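One structure is given here, and the rest of the page talks about it.
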Amino acid sequence: MRRNALIAFMFTLFLISSLLEYSYGALPPTPNTPNFSTQVINRSYNVPPTTSTDPYTGKPLVQEGYYVKNYTIEITIKNQPYTPTIAEDGSHTNELYYNFRFKGHFSDEWIDTFNVDCPKQSNATYTVLTLGPSNSPYLYLSPGDVVDIQVRALSGHFYRRIDFGSPWYFEGQKSDWSSTQTITIPEDNSVVIPSSSAPASQNPPTEPLQPDVGSAVFFGLGWVGVVAVVLLVVVMALLTVIVFLQTKIRKLL
């Protein structure tokens, strides 16, 4: 009985080692921390007053003119060498994506801009992203506002585990967050260069590199590796129970 248990244990170890080798081999290399620059684009405009006639009374109707504030921050990322790779089974392609986060300069709370819809690296020299109401609906910048920005790169792929109703997950590697660039919204200029930019050797990321909640990467393992570790724990527990029961039975006999 012990011999059979030992054979089962050795076979399980072999299977798990194969799974772990596949899991590690499937992960793409970790991308470099991106270099980027920022500038403010002022697309604010005046809406002129309009006049019309009330169709029921014939009286003139006057709509007063008004001013629309529209400040956005343009983020220009220097692309890095990257070759997309296709999985051996053709199930997915590992590509390079970018994400950035921002916060008010006087706050400690960072806000990620993208979750599963991170933009891919462009085919040009630079990838240009925009921070404003289009991708952050509640962010309306005004003159005098001070904003901190960081950027990171992601190498891998997004997928759903079950069907189209399930959430998206990311499997792959992430760079560290970049150094922080601080930019101030100007009073009247249409374009402004960042007011300060922290060197990469200063101002390290405010949080350690960790997978997103629900990410398929866990302590450096892909999902296959996680399954393998869980399987090993279960098998070891079962073998312990079997040996314990055998010992009890022999004492009774």
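The values are calculated or read from the model by the stated rules, or taken from the named source; none is laboratory data. If you're wondering where the values come from, they're calculated on a predicted model, not measured in any experiment. Virtual Cβ from ideal backbone geometry, glycine too; neighbours counted across all protein chains shown.
Some points to look at:
- Some residue of segment 52-63 being in contact (Cβ under 8 Å) with a residue 24 or more places away in the chain, aliphatic (A, V, I, L, M) and outside any loop (DSSP other than H, G, I, E, B): no
- Answer residue from segment 28-45, given it is among the polar types (S, T, N, Q) and in a strand (DSSP E or B) and is farthest from T76 (Cα to Cα) among those: N42
So that you can scan it fast, the table gives a plain yes or no per residue for (1) polar (S, T, N, Q); (2) assigned to a loop (DSSP other than H, G, I, E, B); (3) under 18 Å from the mean Cα position of the chain (by Cα):
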{"residue": "T83", "(1), (2), (3)": "yes, yes, no"}
{"residue": "Y97", "(1), (2), (3)": "no, no, yes"}
{"residue": "N115", "(1), (2), (3)": "yes, yes, yes"}
{"residue": "S122", "(1), (2), (3)": "yes, yes, yes"}
{"residue": "T127", "(1), (2), (3)": "yes, no, yes"}
{"residue": "S142", "(1), (2), (3)": "yes, yes, no"}
{"residue": "D148", "(1), (2), (3)": "no, no, yes"}
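- Hey, D176 modelled with pLDDT of 80 or more and touching a Lys or Arg at 6+ places or on another chain (Cβ under 6 Å) or not: no
- Test result for K69, charged (D, E, K, R), at pLDDT 90 or above and farther than 22 Å from V116 by Cβ: no
- Number of the exception - Q121 against (1) buried (at least 20 other Cβ atoms within 10 Å of the Cβ); (2) over 21 Å from F158 (Cβ atoms): (2)
- Test for T125: is it out of contact with any Lys or Arg (no Cβ under 8 Å at 6 or more places or on another chain) and at pLDDT 95 or above: no
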